[in-house]
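Colleague: The structure that follows is given in the form of structure tokens.
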Amino acid sequence: MFCREEAVQVHRELTTIQERGAGLAFIGNGNRHHARAFADGFEIEAPLYVDTERASYRALEMRRGFRATLGSRASLSNMRRALKAGFRQGLTRGDAWQLGGVVVVAPSGAVLYSHRSEAAGDKAPVAAILASLERA
Amino acid sequence: MSQVPEAAARAVIRDLEGRGLELRSLWRERTVVLVFLRHFG
């Protein structure tokens, strides 16, 4: 459910992101059939890619592990928030213990913003993502 | 400001047609917001 929540919330800002001269892309660690079902189900128009080996996740130091995902106090309160907002957990497609994050990268390769989830449901604030584009 | 690690820039991802591309191709022409999802579910 967190995955849906984050994807939908950031995707709502697609027009604003584009107005600021930037692009948006999603990367998941399930296979491409899962990715396509996800994109169709949530009407995701931004490009979607898969990294089943999770090489990019490792290189960007995204966290992984049970304690970091569902075995934490923070993930429980995040779960209550997501449920309240109407997001439900679907069948998990991909690595259940992998956490994600958001990285904003300029054409020079400079990292303008980064957020690595510390627990399941720990999302990057959308306002912070958009603010980083003003500095681009 | 920090740079994307070389290993990340060169990491190969795949589009939905199964074509491989380096992660850095996503920011070659313009700034990009990359959302790394936990999983598709």
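Colleague: 5 Å is the cut-off here: which amide hydrogens, built 1.01 Å from N in the peptide plane, fall below it relative to B:Gln3, excluding neighbours closer than 5 in sequence?
Modeller: Long-range HN contacts for B:Gln3: A:Val111.
Colleague: Based on the mean of other Cβ atoms within 10 Å per residue, sort peptides B:12-22, A:21-31 so the most packed one is first. Write down the numbers at each step before the final one.
Modeller: Values: B:12-22: 13.0, A:21-31: 21.2.
In decreasing order of mean packing, B:12-22, A:21-31 become A:21-31, B:12-22.
Colleague: Which log10 I(q)/I(0) values, to two decimals, does chain B give at q = 0.18, 0.22, 0.33 Å⁻¹ under the Debye formula with one point per Cα?
Modeller: Reported log10 I(q)/I(0), two decimals: -0.61, -0.88, -1.24.
The numbers here are math on the coordinates, done by the rules we state, and not lab data. Quantities reported herein were computed from a predicted structural model and do not represent experimental measurements. Backbone-built Cβ (ideal geometry, glycine too); neighbour counts: all protein chains shown.
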